[in-house]
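Data block below; observations after.
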Amino acid sequence: MEHRVVITGIGIYSSIGESIPEVLTSLKEGKSGIIYDEPRKEFGYRSCLTGFVKDPDLKPFLSRRERIGMHQPAMFAYMSTKEAVEMAGLDADFFENNETGIIFGNDSTAGAVVETIDKARQRKDTTLIGSGDIFQNMNCTVNMNLSTIYKLKGINLTMSAACASGSHSIGMGYLLIKQGLQERVICGGAQEINIYAMGSFDGLGTFSIRHDAPHKASRPFDRDRDGLVPSGGSATIIIESLESALKRNAKIYGEIVGYGFSSNGDHISNPNFDGQYRSLTMSMKQAGLTPNDIDYINAHATSTPVGDTTEAQVIAGVLGSKIPVSSTKSMTGHECWMAGASEVVYSLLMMHNDFIAPNINFENPDEDSSKINIVPEFREAKIDCFLSNSFGFGGTNSSLIIKKFKL
């Protein structure tokens, strides 16, 4: 027996807002969260732009013992998860007595690792590093911390899949619930924004250097785009079997109906038409939908010349030219490991508030972006079904399809 999989809670901590209400306002207004970060210039960055996310104060919520193993990814993830868990009407007491899993996307802990190494070099004694550092340094830091804080008893797995990590975490949680192996899973993605996290990425020359106008730097699909802007934060999605949600009398925010995935099997950093094509078509086939059933596409489009071009070609090839498309990265920058999860949150907010968030800074189409229906300004629209794309280094691709819930 296959189970229907529904969404019962969402949470967000990002450059365009630290809560669902703040983010909803930013999406409607087309507000950018990108700043010029002076310390990056001093550090030697080619691009000094970033989506700004402040470190949260966790003292009102967690004890020192609970906080000691947390660096940016885990801190951000706690904030989005706290919001999602509360929205879903859940708490640690429920989790302790009802098996619940966690699959979170995270693919770096650079800031924590560098700070630990600096301590060792300075003190010349590893016993003086501190007991919390090991839990900050490991790639599974989000899962270790949240599963302990929330007393989770189900699957405990970190999804490390570059910029598709957050999307794959939702997709894998969906498959486990669909197959009856879990009743509910906390899914999401987290991305650190500290100065150490993106140095090597910046060195590739793929970041925008539009320093004179940070809010105009991220320009997905625009002819004059000059690169992406790194960003971060965290997003959390609570997913459950329909039976579990109904039993709890939980409010349902959407139903996951399709998950497509693929590997390019090609260049380590360049996108690939065939890989993205297979991911999209797989999600559509699994959902049993046609292009006419999709009301909105939240594109992966990061504002790089080759990446946006490839995705525009794939969207046109699989779904045609009529479906409204926007990339919320135009406002947030590229949230990397969290992007696949945050963009589901953003799209759910659009679906439940009857609008499409703008692809800001889209002023001039190029040959390929002119063939799809990009939305450059806020638009009122009814969305019953949306598709969200996420693609990452190493050729990992993920496509999720989510519908409004109908019993």
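Comparison of 398, 321, 388 shows that the only residue that is more than 21 Å from the chain's Cα centre (by Cα) and either of a type in the set (Gly, Ala, Ser) or outside any loop (DSSP other than H, G, I, E, B) (or both) is 321.
Inclusion of residue 213 among residues that are crowded, with 24+ Cβ neighbours inside 10 Å and of a type in the set (A, V, I, L, M) is not warranted. Among the residues of region 94-129, those that are surrounded by 12 or more Cβ atoms within 10 Å (Cβ to Cβ), of a type outside the set (A, V, I, L, M, F, W, C) and in a loop (DSSP other than H, G, I, E, B) comprise 98, 99, 100, 106, 107, 108, 109.
Results for (1) basic (Lys, Arg); (2) more than 27 Å from residue 202 (Cα to Cα); (3) surrounded by fewer than 18 Cβ atoms within 10 Å (Cβ to Cβ), shown as yes or no for each residue.
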{"site": "25", "(1), (2), (3)": "no, yes, yes"}
{"site": "28", "(1), (2), (3)": "yes, yes, yes"}
{"site": "33", "(1), (2), (3)": "no, no, no"}
{"site": "66", "(1), (2), (3)": "no, yes, yes"}
{"site": "78", "(1), (2), (3)": "no, yes, no"}
{"site": "85", "(1), (2), (3)": "no, yes, no"}
{"site": "92", "(1), (2), (3)": "no, yes, yes"}
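Consider region 186-210 and keep the residues that are under 29 Å from residue 82 (Cβ atoms) and among the small types (Gly, Ala, Ser). The one that is surrounded by the fewest Cβ atoms within 10 Å (Cβ to Cβ) is 197.
Considering each residue of region 133-166, count those that are hydroxyl-bearing (Ser, Thr, Tyr) and more than 16 Å from the chain's Cα centre (by Cα), and give that number.
Selection size over region 133-166: 4.
For first residues located in region 275-295 and over 19 Å from residue 164 (Cα atoms) and crowded, with 20+ Cβ neighbours inside 10 Å, partners that are modelled with pLDDT of 95 or more and of a type in the set (Gly, Ala, Ser) and lie 6+ apart or on another chain with Cβ distances below 8 Å form the pairs 287/258. For region 325-349, which residues satisfy the criterion of being more than 9 Å from the chain's Cα centre (by Cα) and either of a type in the set (Asp, Glu) or surrounded by fewer than 24 Cβ atoms within 10 Å (Cβ to Cβ) (or both)? Of everything in region 325-349, those that are more than 9 Å from the chain's Cα centre (by Cα) and either of a type in the set (Asp, Glu) or surrounded by fewer than 24 Cβ atoms within 10 Å (Cβ to Cβ) (or both) turn out to be 348, 349. All of 252, 256 fail the test of being touching a helix residue (DSSP H, G or I) at 6+ places or on another chain (Cβ under 8 Å), part of a loop (DSSP other than H, G, I, E, B) and hydrophobic (A, V, I, L, M, F, W, C), apart from 252.
The values are calculated or read from the model by the stated rules, or taken from the named source; none is laboratory data. On a predicted model such as this, the values are computed, not experimentally measured, just so you know. Methodologically, a virtual Cβ is constructed for each residue, glycine included, from the backbone with ideal geometry; neighbour enumeration extends over all protein chains shown.
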